[in-house]
Every structure is written in C-alpha cells, then in structure tokens.
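Take a look at the structure below.
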Number of protein chains: 2
Amino acid sequence: MTETQPARRRRRKEARPQELTAAALSLFVEKGFAATRLDDIAERAGVSKGTLYLYFDSKDALFKAVIQEGVVPALHAGEALLEQHDDPLELLRAILSGWWERIGSTELGGIPKLMMSEAGNFPDVAAYYQREVIQRGTALLRAAVSRGIARGVFREVDLDAICSVLIAPLVYRAMWRYSFGPRCGQEADVGPYLKTYFDLILNGLMAPVAAGDTQ
Amino acid sequence: MTETQPARRRRRKEARPQELTAAALSLFVEKGFAATRLDDIAERAGVSKGTLYLYFDSKDALFKAVIQEGVVPALHAGEALLEQHDDPLELLRAILSGWWERIGSTELGGIPKLMMSEAGNFPDVAAYYQREVIQRGTALLRAAVSRGIARGVFREVDLDAICSVLIAPLVYRAMWRYSFGPRCGQEADVGPYLKTYFDLILNGLMAPVAAGDTQ
DNA sequence: GCTAAATTACTGACCAGTCAGTTATTAACT
DNA sequence: AGTTAATAACTGACTGGTCAGTAATTTAGC
C-alpha cells in the first residue's frame, strides 16, 4: 500500500530501471552479453520481457545503460581523495584500496570483465568507457605517483606504464571472481592477496632510503 | 602440381584442423564465442561451414580444441627453465619474459581473455584449463620465488598470493591487446610497460641489502 | 471508465547442425 | 600412358529451434 514499499509485484516503480540494469549486469558478467537472454534478465528482475522494452529500446541500449550507470558514480569518490590526503603513500593506498572496496569487491567488479569481453562488439561504449573510466582513473593514479616522485618518496618511473601495472592485479582479481572464482569456492582469502599486493608495489615504488635522511 | 605446395585452394590438408582452430581462436577472441558464427570461421579459414563438421562435432567441441591446442605446448618451455637457470632472479625474469614472448605477445595471448570470458559457460574446459595451465604455471612461478626466498635474495612473501600478483600485469596487458588495444592503435610501446613492470616487481621482491653483505 | 503498467502471444531473422550432391585425388586395370 | 572406378574432401541449400523485438490484451491505480 505504501509507495516506497514494493508491495506485491506490479505497478510499482520508477526505480525499475535500476533493478533491470542490476539483473542485466549480473547475467552479462556471468554468461556474456550474447549468451544472455532477455527473458532471463526479466525473470531475475521479477518482470516479463515486454517490460524491459518499456524502459530500454533494445538489448544494446540495455548494455550501454548497464555500463554507464555502474560507472558514472564511481570516479568521484576517487577524485575527491586527491584533496583528502597529502602524503603520497597514503594517497596511493587510499586510491587503490578504495577501488577495491567500492568496485573490485562489489557487484561493479564485473564491469571490467564485461567491458573487456565486449569492447570489440560495442566500439562506442568502449570509447565512452575508455574516456570516462580508464582515462580518468589513470589520471588520478598518475597524480598520486607523480606527487610521490616529486617529493622524492617514490623512485622515478614511467608514469603511463606504472598506472597500468599498478591497477592490473586489482582488476585481474576482480575479473577472477566472475570467471574461475566460482570454481574454487575461495572468496574469503582476499586478505593475503591484497596484503601481498600492497607489500610488493609499495616496496617496489619506494625510493631507496638515503642513510641519514631527514625523515 | 607438387604435392607439398598448397596449389590452388582446395582439397589439400591434414593440417586443416589447425587452420580451423586458428581462425576460430582469432574470431572467438575478437567477438566472443556466442557472437561468432561458424560461417565466419569457415570463411576466414577459406572453407565452407560443412567442412567444419568433418573435423569437429560441434561448436563446443571446436571451442575445446581451440583451448587445448593453444595451451598444451605452452607450458613445457617454461618448466624447462627451472633447470636452465640457477640464480632465482634470472629464473624469475626468464619465466615472466618467456611468458610474454611465447604467449602474451602472440596470437595465443587471446586465450586468457577467451577462457576468462567463457569459463562460466564451459565448466569442464575451465576445469581443464585451471588444472593444466593455471596450476602448472603457478607451480612454476612458486618454485622460482620460493628458491629466491630460501637463498635470501627475495623477501618473505605469501607464495600463493605473489604468483597471482606477479602474472596479473602480463595477462592484463595481453587481454588489453584484444579489447581496448585496437582502439588506441598503440602496440609498439610495450617496451616501457615491460621495463616498468620488471623494475617494480623485482625491486618489490628484493630483500633489503644488508650493509656489508657478502656480495 | 480512463490511463498507465505490465503481461502474454506472436513474428521473423538468424544460425547451429544436416545431408544430398559435387569436385578433386588416388587406385586399378589395361 | 590413358581410361575408368573408387574414395576422400568439400560444398551450400535446407531445417528446426531459439530469441530479439512487437502487438494485442489484461490488470492496477486514479
């Protein structure tokens, strides 16, 4: 009876699009775009296929919506970190562990896998993703590393290359969850992975400590 | 006229299966398994669709053949390195750069992307891949790192975790070639990436040099 | 009862898989 | 060598099922 509570099943929402894209995302990630049937998406969202077409013009349009909706709100939090941290080491840690907490470890972690699988079939969405996600994310990382080098905390490294290298193990792990992950039944032990990852990259980035340096 | 030369176009091979799996691999990687039509594979291989069924029972069987054929000969070279190098640092470099040269930078580099995309849809092939590729590859890496730790060259790290972390940037880069890579038109500049990668991980792994050590 | 939301039934294109027929290659016989 | 018979390699039109997208119909809210 209330307007906020999803009473029975029907005639209810304008939060409906989000339910549909959420259902679509999980199925696209699980089975791939082409192998996912619209009937399955509708069923998972608790509606019929026809309802999908009240909100999205086509399967392709649904794909675009899935990517855009999942991605748009994700970068702002990261970009805000630039002002919140001064120390480059803390900043880098905050960016990377923030990515894992907000994306990698959530349902959104499937988006990189999906986008990578389908980039060839959706050139325009791929262009959008590269512009709005990859480039902005890279710029963020680059700012952190660059600041660290400028202050002598990090060694001199190729900025473009290091950004890809740094994010790769996190994205790789997120993709893993949706491919081989279910096979292994091991999900709880991300801890050691992240610990080892940070241990490796931070040790790898740190400038050698000069004997008797100021701090 | 000659029997060794592929004269015109037809009626030729028992190297045919390899031509078909090669065509299938490139299309599967490019468009995904479900979105690839058997007619396209046949066309790329220069035969008709019917011919496919002379060599493979089904589209699924072709998929399995693509994975197995691409993967089987790949591990032996790596495993041979264990005896060829004694120094752990050299060994690790040889394994990782060997992976890039023999797999990552070749057509075979698409297999990880393909396998990751389709693992959910082909549980048996995924199991095979995990057993014959991932586990064997991991064991190889683990042996190298473990040797390095035992000799005090590398720091103490979680062995399982470090193997995934180490290979991730290479696999990630290989996948990139088949997804966003074509968008950027930049293929020649793998050099800086690899250089930065090795710089980071080797510095990250090295045990701190004690003052006045034997070397 | 009128409008909006949703469902159900339907259509047409697409594609994996089949098979009867065609063409190349080899073998046999003279 | 030349002719023919037998086999192997291949082709492409066809079919049956699946699924994106649409239209007709029902249900809910005012």
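The values are calculated or read from the model by the stated rules, or taken from the named source; none is laboratory data. These numbers were taken from a predicted model, which means no experiment stands behind them. Counting neighbours? That spans all protein chains shown, and the Cβs are built from the backbone with ideal geometry, glycine included. Side chains are part of the model used for accessible areas, which takes the heavy atoms of the whole protein and leaves out ligands, DNA and RNA. Shrake-Rupley method; radii C 1.70, N 1.55, O 1.52, S 1.80 Å.
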**OP:** Could you list all residues from segment A:23-41 that are more than 18 Å from B:F28 (Cβ to Cβ), near DNA strand D (Cβ under 9 Å from one of its atoms) and surrounded by 17 or more Cβ atoms within 10 Å (Cβ to Cβ)?
**Re:** A:L38, A:I41
Original post:
Can you pull out the residues in segment A:182-196 that are more than 9 Å from every other protein chain (Cβ to nearest Cβ) and open to solvent by less than 40 Å² (accessible area, probe 1.4 Å)?
Top reply: A:V190
Original post:
Quick check, is B:I95 over 25 Å from A:G110 (Cα atoms) and among the aliphatic types (A, V, I, L, M)?
Top reply: yes
Subject >> Residue satisfying all of: in segment B:125-139; over 14 Å from the mean Cα position of the chain (by Cα) and touching a residue at least 24 places away in the same chain (Cβ under 8 Å); surrounded by the fewest Cβ atoms within 10 Å (Cβ to Cβ) among these >> reply: B:Y128
Original post:
Out of the residues in segment B:168-190 that are among the charged types (D, E, K, R) and over 15 Å from B:M116 (Cβ atoms), which is modelled with the highest pLDDT?
Top reply: B:D189
Original post:
Has segment A:22-32 got any residue that is away from DNA strand C (no atom under 14 Å from the Cβ), closer than 24 Å to A:F180 by Cβ and not in a helix (DSSP H, G or I)?
Top reply: no
Original post:
Among (1) part of a helix (DSSP H, G or I); (2) away from chain A (no Cβ under 14 Å), which single condition is B:R131 missing?
Top reply: (2)
**OP:** Check segment A:142-155 and report whether any residue there is touching a residue at least 60 places away in the same chain (Cβ under 8 Å), out of contact with any Asp or Glu (no Cβ under 7 Å at 6 or more places or on another chain), closer than 17 Å to B:Y193 by Cβ and not basic (K, R).
**Re:** yes
Original post:
How many of the residues in segment A:57-78 are modelled with pLDDT of 90 or more and either under 13 Å from A:R136 (Cβ atoms) or not charged (D, E, K, R) (or both)?
Top reply: 8
Original post:
What residue, among those in segment A:61-79 that are open to solvent by 40 Å² or more (accessible area, probe 1.4 Å) and either of a type outside the set (D, E, K, R) or more than 15 Å from the chain's Cα centre (by Cα) (or both), is farthest from A:S26 (Cα to Cα)?
Top reply: A:H76
**OP:** Filter segment B:140-168 for residues that are facing chain A (nearest Cβ under 10 Å), surrounded by fewer than 19 Cβ atoms within 10 Å (Cβ to Cβ) and assigned to a helix (DSSP H, G or I) and give the result.
**Re:** B:L159, B:D160
Original post:
So which residues in segment B:102-124 are in contact (Cβ under 8 Å) with a residue 40 or more places away in the chain, among the β-branched types (V, I, T) and more than 13 Å from B:V66 (Cβ to Cβ)?
Top reply: B:I103
Subject >> Members of segment B:33-42 that are within 11 Å of another protein chain (Cβ to nearest Cβ) and in a helix (DSSP H, G or I) >> reply: none
Subject >> Only listed residue being within 14 Å of DNA strand C (Cβ to nearest atom), part of a helix (DSSP H, G or I) and modelled with pLDDT under 95, chosen from A:L82, A:L54 >> reply: A:L54
